[in-house]
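Asker: Quick one: this structure, given as structure tokens, is what I'll be asking you about.
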Amino acid sequence: MDILLAGSFLEGEQQIWLQALDNALSGHRILPDAHAAQRAGIEVAIVANPRPGSLAGLPRLRLIQSLWAGVDRLLEDTTLPPDVPLARMVDPAMSAAMAETALWAVLSLHRGFFAYARQQQDALWLPRPQLRAEEIPVAVLGLGEMGRTVAQRLAHNGYPVSGWSTRPARIDGVRCAHGPSALQSLVGTVRIVVNLLPLTDATRSLFDADLFACFARGAAFVNLARGAQVVEEDLLAALDNGPLAHAVLDVFGREPLPAQHAFWRHPLVTVLPHVAALTDVHSAARVVAANIEALERGHPLSHLVDRHRGY
Ligand code: NAP
Ligand code: GLV
């Protein structure tokens, strides 16, 4: 089978993917940059945010497999073949990495470690009160592959965790709410809000002045999902004038975050360069291989995106 590998890769990254996919997919031909003559035979496209238009004109295409968990950028491509199944990356290694990042952020906020890092710059010896985890309620927005793992990890570490999703959910040790009407009261009852929602029409610009006004005074916001879900000026205003005390941001409206952006130097913002959960090359290659094998055998495909829902 001819397989296209297309995406925006960092220096050397494409070669690493080719090697890992080659190991996991023996007997197939993987074409990194298919020329016109080779494109006609391509049956599977493995993609990492490819250039818009790069999946058009593939008459035999039967599966688009994303190496990213979030498919918002792919779905923005109006030339994406509408009837070809689209699968996203779901990999326990990636969810585990996300749980580590969320736990680091929540622990650091809870124990004041970001504030101590600021104090160190001024040689300021100023111990703060030490609260117990059970005194720090946390909300996890989005209870999918990432949010569910994060909610369970935080609950396991002693935090009272509430979760929010579209449809009703049940997770041991987590209070679950659902639907738009539950959101404003939920964010008002917790000390830390962790965003793990996919970017869709319903979640674009969700975090605006109205929603930040519902957060509890002194609360923190952790965004590990997508930058376009946040109205950045409204977040800055909520940090400068309340109610927010800190924001941990891994994702931004524009990436890389421009050097002059206010987030870089804001004393109440911690910036990460979109690394909360990177795709794990080796386990992801096996996830991709399993889906391609299912395609070949005519078995059901895993992790299909509902294009109507947008995730
Ligand atoms: P997922 O399995 O599709 O889960 C999405 C969750 O969000 C589901 O629980 C869904 O509810 C809920 N949801 C969607 N729209 C909603 C709405 N309007 N209101 C309330 N709940 C809503 O996705 P995932 O694998 O957990 O990934 C989530 C996102 O994390 C990705 O889309 C991506 O943007 C981001 N991500 C970021 C990184 C990073 O490094 N920063 C890495 C991986 C992923 P239902 O369960 O009711 O459908
Ligand atoms: C990363 O942000 C992903 O969606 O995989």
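The values are calculated or read from the model by the stated rules, or taken from the named source; none is laboratory data. Bear in mind that the values here come from a model prediction, so they are computed numbers and not experimental data. Virtual Cβ from ideal backbone geometry, glycine too; neighbours counted across all protein chains shown. Note: accessible area is taken over every heavy atom of the protein model, side chains too, but ligands, DNA and RNA are not part of it. Shrake-Rupley method; radii C 1.70, N 1.55, O 1.52, S 1.80 Å.
Asker: Below 8 Å, C-alpha to C-alpha, sequence gap of six or more: please give me the relative contact order for segment 98-170 in percent.
Answerer: 32 percent
Asker: Another one. Quick one: accessible surface of His274, probe radius 1.4 Å, all protein chains present, in square angstrom to the nearest 10.
Answerer: About 50 Å², ignoring ligands and nucleic acids.
Asker: Kirkwood hydrodynamic radius, computed over distinct alpha-carbon pairs, for the chain: how many Å, to one decimal?
Answerer: The answer is 20.9 Å.
Asker: Can you work out the Karplus-derived ³J(HN,Hα) for every residue in segment 161-171? Use 6.51 cos²θ - 1.76 cosθ + 1.60 with θ = phi - 60°, whole Hz, and x for glycine or proline.
Answerer: For segment 161-171, the Karplus curve yields 10, 10, x, 9, 8, 6, 9, x, 10, 10, 9 Hz.
Asker: Just to confirm a number: summing +1 for Lys and Arg and -1 for Asp and Glu over residues other than Gly298 whose beta-carbon lies under 15 angstrom from that of Gly298, what do you get?
Answerer: Net charge around Gly298: -1.
Asker: May I ask you to give the percent of accessible area on the chain that is carbon plus sulfur, with a probe radius of 1.4 Å?
Answerer: Here it works out to 52 percent.
Asker: Checking the a/c ratio against 1.5 first, then a/b against b/c, what shape does the Cα gyration tensor give for segment 159-299?
Answerer: On the way: a/c = 2.29, a/b = 1.41, b/c = 1.63.
Cα axes put segment 159-299 in the oblate bin.
Asker: Among Ser66, Ser162, Ser205, which one shows the highest mean-square fluctuation when the chain is modelled as a Gaussian network with alpha-carbon springs under 10 Å?
Answerer: Among Ser66, Ser162, Ser205, the largest mean-square fluctuation in the Gaussian network model of the chain belongs to Ser205.
Asker: Now, a different point. Using modelled backbone amide H atoms (1.01 Å from N, in-plane), which distant-in-sequence or interchain residues come within less than 5 Å of Leu5's amide H?
Answerer: Sorted by chain and number, the residues that satisfy this are Leu31, Ile46.
Asker: Shifting gears a bit: For segment 228-311, state which trypsin sites (Lys or Arg not before Pro) are in a DSSP loop and have at most 15 other beta carbons lying within 10 Å of their beta carbon.
Answerer: Details: sites: Arg254, Arg265, Arg286, Arg297, Arg307, Arg309; in loops: Arg254, Arg307, Arg309.
Answer in residue order: Arg254, Arg307, Arg309.
Asker: Rounded to a whole number, what is D in µm²/s for segment 1-92 from Stokes-Einstein with the Kirkwood radius over alpha-carbon pairs (10 °C, 1.306 mPa s)?
Answerer: Working: Rh = 13.4 Å.
So the translational diffusion coefficient is about 119 µm²/s.
Asker: Let me ask another. At 20 °C and 1.002 mPa s, what whole-number value in µm²/s does Stokes-Einstein give for the translational diffusion of segment 104-164, with Rh from the Kirkwood sum over Cα pairs?
Answerer: 168 µm²/s
Asker: Got a sec to turn the phi values of segment 269-284 into Karplus ³J(HN,Hα) couplings, 6.51 cos²θ - 1.76 cosθ + 1.60 with θ = phi - 60°, whole Hz, x for Gly and Pro?
Answerer: Running phi through 6.51 cos²θ - 1.76 cosθ + 1.60 with θ = phi - 60° gives 10, 10, 9, 10, x, 6, 10, 4, 8, 7, 5, 7, 3, 6, 6, 5 Hz.
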